[in-house]
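Encoded as structure tokens, the structure appears first; notes follow it.
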């Protein structure tokens, strides 16, 4: 493979591999979180929930759907860039290509925003799940043994 010290194609390929693996992992994590939300809806008494608790569940469901769509777009962008780099590598002489460098810079920035936004959502979700669900549900103070 032709190598240009100013234009490091193998490093770009490594970044793409890393990003694709990260997005696949994040997809799996989001699936797990979405399943947890479904479990919460199924097992917590919906009628007795505070309205904001149900709204929060819906908020997280929408956010996770948004991130799944974002991941699909990012993965497509990375694969497109990989194709362009593969075409350049096939050339008998690899020449500096400012368009590839700009695209790579754009992908780095996009991944940085993705990491930051997903980290914030994940932290918010973990804090929400860590709360005692009974704080959001009106549980009768007294329970008769006959009711149990």
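The values are calculated or read from the model by the stated rules, or taken from the named source; none is laboratory data. Source: prediction; values computed, not measured. Don't worry about glycine lacking a Cβ; one is built from the backbone with ideal geometry, like all the others, and counts go over all protein chains shown.
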For the range 90-106, which residues satisfy the criterion of being in contact with a helix residue (DSSP H, G or I) (Cβ under 9 Å, 6 or more places away or on another chain) and surrounded by fewer than 14 Cβ atoms within 10 Å (Cβ to Cβ)?
95, 99, 106
Say we look at the range 123-138 and pick out the residues that are surrounded by 10 or more Cβ atoms within 10 Å (Cβ to Cβ) and in a loop (DSSP other than H, G, I, E, B); which of these is modelled with the lowest pLDDT?
138
Within the range 47-63, restricting attention to residues that are in contact with a strand residue (DSSP E or B) (Cβ under 8 Å, 6 or more places away or on another chain) and in a helix (DSSP H, G or I), which residue is modelled with the highest pLDDT?
53
Select from the range 84-122 the residues that are under 19 Å from residue 14 (Cα atoms) and assigned to a loop (DSSP other than H, G, I, E, B) and list them in ascending order.
94, 96, 97
